[in-house]
Amino acid sequence: MQTNFKEKQGKRKDKNFTEETKELFRNNFECWQCGMNTWDCFHHCMGGDFDEADSPFNAVPLCNATCHIDGGHHFSEKQINTFLAMTMRYLYLKGYELTRKDKMFIIKFKKRYESTELGSEYLKYYRKRQ
């Protein structure tokens, strides 16, 4: 049985992210691992055990069963860096304004952003906004 988007919204596993972060991703329909429109959880790209962990820059929308559990807990460093860059691009295109916590998150993982073409590009865009 096919569930509609509104029903899936209520079932999403997005523990430890703020309501503001959840709202930022409300209109995103894409799992960033497989590209399908079936994402149903937020993954903490860099883990959840540090002060900036609930920053939206740490959120990656994934299909919980297929992309996160079956294939996800062992993402390569390259894929993690790509997820970080995808999140940065998404937030930039949404017009998201950085908080102090977000700035600290980006500084902490700056080398990861710089390791991808996409991340380097959007780091420049955010620097211009500051």
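Some notes on this structure:
- Set of aspartates and glutamates with alpha-carbon distance to Lys111 below 19 Å, sequence-local pairs under 8 removed: Asp51, Glu52, Glu77, Asp102, Glu121
- Cα shape, segment 5-129, gyration tensor, a/c 1.5 rule: prolate
- Taking the Cα centre of segment 5-129 as origin and assigning +1 to Lys and Arg Cβ atoms and -1 to Asp and Glu Cβ atoms, the resulting dipole is close to 360 debye.
- Which of Ile106, Ile69, Ile80 has the fewest Cβ neighbours within 10 Å, and the rest in rising order: Ile69, Ile80, Ile106
No lab work stands behind these numbers, since they all come straight from the coordinates. Every value quoted in this text rests on a predicted model; they were computed, and no experiment measured them. Ideal geometry is used to build each Cβ from the backbone, glycine not excepted, and the neighbour counts take in all protein chains shown.
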